[in-house]
1. Considering only residues that are under 16 Å from the mean Cα position of the chain (by Cα) and either over 16 Å from residue 100 (Cβ atoms) or part of a helix (DSSP H, G or I) (or both), which ones fall in region 1-17?
2. Among residues belonging to region 48-59 that are out of contact with any helix residue (DSSP H, G or I) (no Cβ under 6 Å at 6 or more places or on another chain) and surrounded by 15 or more Cβ atoms within 10 Å (Cβ to Cβ), point out the one that is farthest from residue 72 (Cα to Cα).
3. Need the failing condition index for residue 69 against (1) more than 24 Å from residue 19 (Cβ to Cβ); (2) over 14 Å from the mean Cα position of the chain (by Cα); (3) in a strand (DSSP E or B), just the number.
4. Is it fair to say residue 4 is surrounded by 12 or more Cβ atoms within 10 Å (Cβ to Cβ) and at negative phi?
5. Given 35, 68, 88, 96, which one is out of contact with any strand residue (DSSP E or B) (no Cβ under 7 Å at 6 or more places or on another chain) and touching a residue at least 60 places away in the same chain (Cβ under 8 Å)?
6. Which residue out of 72, 90 is surrounded by 11 or more Cβ atoms within 10 Å (Cβ to Cβ) and more than 17 Å from residue 10 (Cβ to Cβ)?
């Protein structure tokens, strides 16, 4: 991993009944990102394996960007802004997302 790479782990908190729609929106966005953002190296959508005791589920987005410029490009695209507007308009979230910007310090990415 390059020292200029930026990793994001975004934990999203959809309202009950909205998880599938949120996953679909992010999965569609991921396809667009793969085709149009070469500086976005990883963009994965994950769903909780088990709901919390309150029945809520989280969606986790794991992202890796080549550098700060690639992250800035990602956040400024009309597609990203449209996704944010859709979430707000439809009130799909029960709480604000938790955005963690992290740097790798060990381990490995893949055995492939």
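1. The one that is under 16 Å from the mean Cα position of the chain (by Cα) and either over 16 Å from residue 100 (Cβ atoms) or part of a helix (DSSP H, G or I) (or both): 14.
2. Step one: filter region 48-59 for residues out of contact with any helix residue (DSSP H, G or I) (no Cβ under 6 Å at 6 or more places or on another chain), giving 48-56, 58.
After this cut, where a residue has to be surrounded by 15 or more Cβ atoms within 10 Å (Cβ to Cβ) as well, the list is 56, 58.
Numbers: 56: 31, 58: 25 Å.
Across region 48-59, the extreme among qualifying residues is 56.
3. (3)
4. no
5. Working: 35 fails: touching a residue at least 60 places away in the same chain (Cβ under 8 Å); 68 fails: out of contact with any strand residue (DSSP E or B) (no Cβ under 7 Å at 6 or more places or on another chain); 88 fails: touching a residue at least 60 places away in the same chain (Cβ under 8 Å).
Just one listed residue meets the conditions, 96.
6. Step by step, each of 72, 90 is checked, and only 90 is surrounded by 11 or more Cβ atoms within 10 Å (Cβ to Cβ) and more than 17 Å from residue 10 (Cβ to Cβ).
Read the figures in this text as sums done on the coordinates, not as results from a lab. Only a predicted model underlies this, so the values are computations on that prediction, with no experimental measurement involved. Please note: Cβ atoms are built from the backbone with ideal geometry, for glycine as well, and neighbour counts cover all protein chains shown.
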